[in-house]
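Participant: Can you keep this structure in mind? I'll have questions shortly.
The values are calculated or read from the model by the stated rules, or taken from the named source; none is laboratory data. Computed from a predicted model, the values in this text were never measured in an experiment. Because the Cβ atoms are built from the backbone with ideal geometry, glycine has one as well, and the counts that use them run over all protein chains shown. Each accessible area value is taken on the protein alone, full model and side chains, heavy atoms only, with ligands, DNA and RNA left out. Shrake-Rupley method; radii C 1.70, N 1.55, O 1.52, S 1.80 Å.
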Amino acid sequence: MIAAQLVRRGMPVRFVQAPSDWRRLTTDPGNWTRHVGRGHFLPVAPGIEVSERSTLRPGLRGPVAERVDAALYNRFLRRSDWAEQLTVVMFPWEWRATRGLSGRVVFDCTDDWARLLPQARGLRDQLRRIADEADEVVVVNQVLADLFPGRTPVVVPNGTDEQLLTAPRTVQRVPRSAVYVGSIAERFDVDLVRSVLTALPDWTLTVHGQLVFPLRAQAAAEEFLGLEREFPGRFRYAGLLSRDRLPEVLDAAAVGLIPDVASRALGQSSMKTYDYCSRGVPVVATAGHLEHSSDVPPHTYVVDGAAAMAEAVQAAADEPAGWVADRIGWAGARTWDRRTDAWLDATLGDRPPAVTGVHPSPSRNAE
């Protein structure tokens, strides 16, 4: 969403995808070889180009893998004539690859990677290196600031898609229907959802999003998919959802669920929260990304455990009508154009004050 805003402001964007490792040599050796030495950037949208990248082993596998991948990545960037005004890194194990690049180099932290990827090694040293070397560190949640010793990162939370706020309403809300929209991984609490559906036998839950379980967690993926067999007609995995269909899906729901494992969600700034609020849908969430937030949406139900979630779902279905407008107003003050102002101020070197709601005025860097 920030990339789209940058393009609107006349700032083209180049993305490098997460790398394919040596295993792709067995399935697509030509493509792996083509992207190991330099980038081949192709347009995917006006002003946005993307290139694949190849490596031997992902840098998160340990210190040796990190160093080898960083050397390959650094060579990849140099041979791709990478001379951007601003380079933004999002994975800590890729930071070492940015040494010697021109322009500002910024780390944008959207997750507590140690919580999400407990198998990753060397993260503490990588984050310490980022704290020492980065021109700026941006985090989506104040909780993540503590990961960078000796630094005071700029906090820029996620935001709302303005088109989601303005899209016309074309469907009626379906009573006793819950929805989840977002990626599905190990942090999705299957046991919690099972207990809530058992406690609310007249409710349904539809889940939209991409399955992103790693190979080592295929058992967890099967357990998630098994909910359709356990609750036929009441639980449905609907797969990927295009953004243009999101308004009608949210408008039809009585409640928006965020059933994350709280320990894995700590420190996040969930786009689901903003999406739900932009259509006025009640948000019922486990603790984690909202637990220590100073900017919780109005009338949000933050719960602990299945009994509390079931109770909140029922309460949300019978709440005052005016709460819908309160949520939409909250989301409207947090659109992506406003968030991008603050993000640009931070990344280009003009640090703003802490950002939670409306950014006071457009930055001069964004004009």
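Participant: If you wrap a convex hull around the C-alpha atoms of segment 106-264 and split its volume per residue, what is the figure in Å³?
Facilitator: Values: hull volume 21.2 nm³, N = 159.
Convex hull of Cα atoms, per residue: 133 Å³.
Participant: Just the number, please: Stokes-Einstein D of segment 1-155 in µm²/s, Kirkwood Rh from C-alpha pairs, 20 °C, 1.002 mPa s. Don't skip to the answer; put the middle values down first.
Facilitator: Details: Rh = 16.4 Å.
For the chosen part, D equals 131 µm²/s.
Participant: Antiparallel DSSP bridges in the chain: what percent, to the nearest 5? Working shown, then result.
Facilitator: Numbers: 4 of 38 bridges.
If we restrict to bridges inside the chain, about 10 percent are antiparallel.
Participant: What distance in nm separates the two pseudo spin-label positions at residue 21 and residue 217, each 7 Å out from Cα along the beta-carbon direction?
Facilitator: 1.6 nm
Participant: Let me ask you something else. Among DSSP beta bridges lying fully in segment 162-330, give the percent that are antiparallel, nearest 5. Working shown, then result.
Facilitator: Values: 1 of 19 bridges.
Antiparallel bridges make up about 5 percent of those DSSP assigns within segment 162-330.
Participant: Could you sort 286, 170, 33 by accessible area so the largest value comes first, with the probe set to 1.4 Å?
Facilitator: 170, 33, 286
Participant: Can you give the helix-only mean residue ellipticity at 222 nm for the chain, where every DSSP H stretch with n ≥ 4 adds -39500 (n - 2.57) and the sum goes over all residues, rounded to the nearest 500 deg cm²/dmol?
Facilitator: Details: 15 runs with 124 residues, N = 367.
Result for the chain: -9000 deg cm²/dmol, rounded to the nearest 500.
Participant: Which percent of the accessible area of the chain is formed by carbon and sulfur heavy atoms (probe 1.4 angstrom)? Mind showing how you got there, number by number?
Facilitator: Working: 8860 of 16820 Å².
Here it works out to 53 percent.
Participant: Right, here's the next one. Multiply the residue separation of residue 133 and residue 9 by 0.36 nm, subtract the distance between their alpha-carbon atoms, and state the gained length in nm to one decimal.
Facilitator: Details: separation 124, 0.36 × 124 = 44.64 nm, distance 2.83 nm.
The span from residue 133 to residue 9 would gain 41.8 nm if fully extended.
Participant: List the pair-distance distribution P(r) of segment 150-215, using every Cα-Cα distance, as the percent of pairs falling in each 5 Å bin from 0 up to the bin containing the longest distance, rounded to whole percents.
Facilitator: 4, 10, 14, 16, 17, 15, 14, 6, 3, 2, 0
Participant: Right, something else. Relative contact order, percent, of the chain when contacts are C-alpha pairs under 8 Å separated by at least 6 residues? Intermediate results must be reported in sequence, preceding the final value.
Facilitator: Numbers: 677 pairs, mean separation 55.1, N = 367.
Once divided by the residue count of the chain, the mean separation gives 15 percent.
Participant: Computed on alpha carbon atoms, what radius of gyration and Dmax characterise the chain, expressed in Å?
Facilitator: 21.3, 60
Participant: Keeping every protein chain present and rolling a 1.4 Å probe, give me the accessible area per residue for the chain in Å².
Facilitator: Values: 16820 Å² over 367 residues.
That works out to 46 Å² per residue.
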